[in-house]
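No value in this document is a laboratory result; all are computed from the given coordinates. Just so it is clear, the structure is predicted and the values come from calculations on it, not from any experiment. Neighbour counts run over all protein chains shown; Cβ positions are idealised from the backbone, glycine included.
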Amino acid sequence: MESQLLNIRCDNCGSEYRISSRGEMVCRFCGSMIYLSDKDFESYKNTRDNMLSEDRFMNDVLASDGDVLHLWNSGSKVNFTTGNGTLISLDSYYSVILPEKEMYIGKDRILIVFANSTDVTKFSSSLSQIVYPSADIKDLSRFLPNIIYKATLEDGRGILVISKTENIYPLYLFGNLKATTVAWIISRFENLGCLLEFSNMDFEEIKLENLFINPKMHELYILDGWEGVSKTSKRNYLKDIRRIAKDIMDISTAPKLCIDFLDRAPAPVAYDDFKDWDDVIMNGFNGHNFHQFNT
């Protein structure tokens, strides 16, 4: 029987695979990919043709639909001048002002201004030392900072300009999230934790303001704090994500296995911690089932 739509569910989060502009079957919500040959589509020729002519276009539109939570309502202009006279301007919607740095968040850029200009070098150096596995099917670099400009300001401070898309938001804007939402945040972090393990790196401390999320695509980004990363066998980030998860979660919505995971010490290595968390997903949340943001 001819199928109108080939129904292939993502093993990772339970959403439905769709075809990307490059032709892969991609889960828009967790980034997992599978590759199907023409033989796989033998019984689904109409589906294949429909996906190639229409679904690819639809997915490209859906992947770039802007401010999905409508949080970018009004901003204030911030301006900085570099040592060579270049003016840097941003419509800042949210900011974080700390003694050691300031962060200004716009629709498509983030400005980080460091009190100590050497932190710019530390930040970019940490990113350059990350080692990606050869089978990096999730394209993990997408969830780390993409530095598009760095400079020393006229007052001696350092500045980084980081690109972002409009539908990426600071995690600190959200609280009292349901456990099903925090679960995918933890899952994405555990992926990145394995990357840090692979690179033998650790954060001095991951703070809530270092993390950003795309609520629609179920993606988490570590876009700040990289000046505090070093080569070490410690895995403080596994403790940090437990603390952050408990801070933003409505604990009353969490299954016992989830609470137990957050309350106990992490596994010694990130790979084992990831396995422990996957056991929570399978047995505490009844498997990889897709949930809309905060449902």
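Computed from phi, the 3J(HN,Hα) profile of region 101-118 under the Karplus parametrisation 6.51, -1.76, 1.60 (θ = phi - 60°) reads 6, 10, 10, 10, 10, x, 5, 10, 8, 10, 9, 10, 10, 9, 5, 9, 5, 5 Hz, with x in place of Gly and Pro.
Label positions at Ala135 and Thr295, each projected 7 Å from the Cα along the C-beta direction, are separated by 3.4 nm.
Of the listed pairs Lys164/Lys234; Lys164/Lys207; Lys101/Lys122; Lys234/Lys256, which have alpha-carbon separations greater than 21 Å here? Those over the limit are Lys164/Lys234; Lys234/Lys256. Sites listed here are trypsin sites (Lys or Arg not before Pro) in region 241-282 whose DSSP assignment is loop and whose Cβ has at most 14 other Cβ atoms within 10 Å: Arg264.
Here Cys194, Cys13 are placed in order of increasing Cβ neighbour count within 10 Å, fewest first, which gives Cys194, Cys13. What the Cβ-Cβ distance of Ile148 and Met33 gives, at R0 = 30 Å and to the nearest 0.05, is a FRET efficiency of 0.70. Note on Asn283 and Ser128: with the Förster distance fixed at 35 Å, the Cβ-Cβ geometry gives a FRET efficiency of about 0.35.
Within the shell defined by Cβ-Cβ distances under 10 Å, the residues around Glu100 carry a net charge of -2, with Lys and Arg each +1 and Asp and Glu each -1.
The label-point distance for Val68 and Asp260, in a model that sets each label 7 Å from Cα toward Cβ, rounds to 3.2 nm.
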